[in-house]
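The values are calculated or read from the model by the stated rules, or taken from the named source; none is laboratory data. Fair warning: this is a prediction, and the values are worked out from it, not measured in the lab. Every residue, glycine as well, gets a Cβ built from its backbone with ideal geometry; the counts of neighbours run over all protein chains shown.
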Amino acid sequence: MSERLQPGDTAPDFSLPDADGKQVSLAGRTGRKVIVYFYPAALTPGCTKQACDFTDNLDLLATAGYDVIGVSPDKPEKLAKFRDKENLEVTLVGDPSKETMEAYGAFGEKKLYGKTVTGVIRSTVVVDADGKVEHALYNVKATGHVAKLLKDLKI
């Protein structure tokens, strides 16, 4: 099972393809605060709700200096379909190898309907402008998470 990140840790860099196949990296956002959120699968009800919540609050987050990147194990084609179907404005990247998810502690054992399974752990990591972890939230709920995050970040 992968280690969970703690505030003060250096956020692992990554370079992953977005919905259009272009590489997106954390290093490319140096000097900006970044909210990296991990979700199990595009085009599913909970993940759609969460992505729409981030999109609805994107202007507010951007004004406060935050970029938002959503990471799932999906391929760029599925991410493009998800973005277009739901009119999403957040940057979505795919991590089919799950290496980035593991580096962030967002992949491993979790409880699902009372059973222990291995999969994506819905998580959000807030990275400061210097690349350090500000907040690391694991096993978050899809619904209401963005509102709680805005409150925690005092936005």
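What is the one condition in (1) assigned to a loop (DSSP other than H, G, I, E, B); (2) free of Cβ contacts under 8 Å to residues at least 60 places away in the same chain; (3) within 16 Å of L5 (Cβ to Cβ) that K141 does not satisfy?
Failed condition: (3).
Looking for whichever is loosely packed, with under 12 Cβ neighbours inside 10 Å and without any contact (Cβ under 8 Å) to a residue 60 or more places away in the chain here; the options are D59, D74, D67. Which one fits?
Working: D74 fails: loosely packed, with under 12 Cβ neighbours inside 10 Å; D67 fails: loosely packed, with under 12 Cβ neighbours inside 10 Å.
Of the residues listed, the single one that is loosely packed, with under 12 Cβ neighbours inside 10 Å and without any contact (Cβ under 8 Å) to a residue 60 or more places away in the chain is D59.
Of the conditions (1) of a type in the set (D, E, K, R); (2) crowded, with 17+ Cβ neighbours inside 10 Å; (3) in contact with a helix residue (DSSP H, G or I) (Cβ under 9 Å, 6 or more places away or on another chain); (4) outside any helix (DSSP H, G or I), R83 satisfies every one except a single condition; which number is it?
(4)
Give me the residue from the stretch 2-23 that is surrounded by fewer than 20 Cβ atoms within 10 Å (Cβ to Cβ), touching a Phe, Trp or Tyr at 6+ places or on another chain (Cβ under 9 Å) and within 16 Å of D95 (Cα to Cα) and, out of that set, modelled with the highest pLDDT.
Looking at residues that are surrounded by fewer than 20 Cβ atoms within 10 Å (Cβ to Cβ), touching a Phe, Trp or Tyr at 6+ places or on another chain (Cβ under 9 Å) and within 16 Å of D95 (Cα to Cα), I get P12.
Just checking, which of A147, A106, A136 is of a type outside the set (K, R), surrounded by 17 or more Cβ atoms within 10 Å (Cβ to Cβ) and touching a helix residue (DSSP H, G or I) at 6+ places or on another chain (Cβ under 9 Å)?
Values: A147 fails: surrounded by 17 or more Cβ atoms within 10 Å (Cβ to Cβ); A136 fails: touching a helix residue (DSSP H, G or I) at 6+ places or on another chain (Cβ under 9 Å).
Answer to the check: A106.
Would you tally the residues in the stretch 55-74 being assigned to a helix (DSSP H, G or I) and under 21 Å from G31 (Cβ atoms)?
Applying the first criterion (assigned to a helix (DSSP H, G or I)) to the stretch 55-74 yields 55-56, 58-63.
Retained after the next criterion (residues that are under 21 Å from G31 (Cβ atoms)): 58-63.
Going through the stretch 55-74 one residue at a time, the tally reaches 6.
Among (1) in contact (Cβ under 8 Å) with a residue 24 or more places away in the chain; (2) on the phi < 0 side of the Ramachandran plot, there is one condition G28 misses while meeting the rest; what is its number?
Result: G28 fails condition (1) only.
Regarding the stretch 2-23, can at least one residue be identified that is of a type outside the set (D, E), part of a helix (DSSP H, G or I) and in contact with a Gly (Cβ under 9 Å, 6 or more places away or on another chain)? Steps first, answer last, please.
Residues of the stretch 2-23 of a type outside the set (D, E): 2, 4-8, 10-12, 14-17, 19, 21-23.
Narrowing the set further to residues that are part of a helix (DSSP H, G or I) leaves none.
Within the stretch 2-23, none of the residues are of a type outside the set (D, E), part of a helix (DSSP H, G or I) and in contact with a Gly (Cβ under 9 Å, 6 or more places away or on another chain).
Based on this model, can you work out whether G31 counts as under 18 Å from E134 (Cα atoms), outside any strand (DSSP E or B) and of a type outside the set (D, E)? Let's see the steps before the verdict.
Values: under 18 Å from E134 (Cα atoms): yes; outside any strand (DSSP E or B): yes; of a type outside the set (D, E): yes.
Answer is yes for this residue.
Here's the yes/no breakdown for (1) modelled with pLDDT of 95 or more; (2) farther than 25 Å from G8 by Cα; (3) in contact with a Leu (Cβ under 7 Å, 6 or more places away or on another chain); (4) among the basic types (K, R):
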residue: L88; (1), (2), (3), (4): yes, yes, no, no
residue: V93; (1), (2), (3), (4): yes, no, yes, no
residue: P96; (1), (2), (3), (4): yes, yes, no, no
residue: T100; (1), (2), (3), (4): yes, no, yes, no
residue: G108; (1), (2), (3), (4): no, no, no, no
residue: K111; (1), (2), (3), (4): no, yes, no, yes
residue: V117; (1), (2), (3), (4): no, yes, no, no
residue: V125; (1), (2), (3), (4): yes, no, yes, no
residue: K132; (1), (2), (3), (4): yes, no, no, yes
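So which residues in the stretch 86-120 are aromatic (F, W, Y) and either touching a Phe, Trp or Tyr at 6+ places or on another chain (Cβ under 6 Å) or part of a strand (DSSP E or B) (or both), if there are any at all?
Within the stretch 86-120, just F107 meets the criteria.
Test S72 against the stated conditions and say whether it is of a type in the set (S, T, N, Q) and within 16 Å of G105 (Cβ to Cβ). Before you say what the answer is, go through the steps one by one.
Numbers: of a type in the set (S, T, N, Q): yes; within 16 Å of G105 (Cβ to Cβ): yes.
Yes; evaluated as a whole, the condition is true for this residue.
Using beta carbons and a limit of 8 Å, which pairs, at least six apart or on different chains, have the first residue in the stretch 110-130 and closer than 24 Å to D152 by Cβ and the second one among the acidic types (D, E) and buried (at least 16 other Cβ atoms within 10 Å of the Cβ)?
V126/E134; V127/E134; D128/E134
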